[in-house]
Amino acid sequence: MGKDYSKLKRPRHAMPDFVKQALVRNSLMEAYKKRPDYQQNDYLGWIHEAKLKETKMKRLNQMLDELEKGGVYMNMDHPPSAKSKE
């Protein structure tokens with residue numbers, strides 16, 4: 001892993017294989033990478049901290065849905081990630 005140039009003060013969470021596979025399968029890796037470092041890290045930590053597999057999958061699906069829609073982060077409006085309506 002290369003040098004971390006982000007300004008995150010918290011530990012960075014590693015991306016689990018099942019999350020990476022879901023992003024690739026749904027063609028959302030680019031949308032994920034466009035999000036700020038703190039959002040990427042928060043999503044991964046949030047998914048990781050779930051104890052039940054069902055909860056992990058629910059959180060993963062919420063992340064995928066928000067990346068697909070754009071303009072949403074953790075059920076809150078996030079205008080910088082909104083997709084243009086061209």
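Among all residue pairs at least 6 apart or on different chains, which show Cβ distances below 8 Å where the first residue, located in the stretch 67-79, is on the phi > 0 side of the Ramachandran plot and surrounded by 16 or more Cβ atoms within 10 Å (Cβ to Cβ) and the second is in a loop (DSSP other than H, G, I, E, B) and not hydroxyl-bearing (S, T, Y)?
G70/A82; G70/K83
Just checking, does the stretch 60-70 include any residue being touching a helix residue (DSSP H, G or I) at 6+ places or on another chain (Cβ under 9 Å), in a loop (DSSP other than H, G, I, E, B) and either under 19 Å from M29 (Cβ atoms) or modelled with pLDDT of 95 or more (or both)?
Checked the stretch 60-70: at least one residue is touching a helix residue (DSSP H, G or I) at 6+ places or on another chain (Cβ under 9 Å), in a loop (DSSP other than H, G, I, E, B) and either under 19 Å from M29 (Cβ atoms) or modelled with pLDDT of 95 or more (or both).
D77 versus (1) more than 19 Å from P11 (Cβ to Cβ); (2) in contact with a His (Cβ under 7 Å, 6 or more places away or on another chain): which is the lone unmet condition?
It fails just one condition, (2).
The values are calculated or read from the model by the stated rules, or taken from the named source; none is laboratory data. Not measured: the values here are computed from a predicted model. Heads up, the Cβs are rebuilt from the backbone with ideal geometry, glycines too, and the neighbour counts pull from every protein chain shown.
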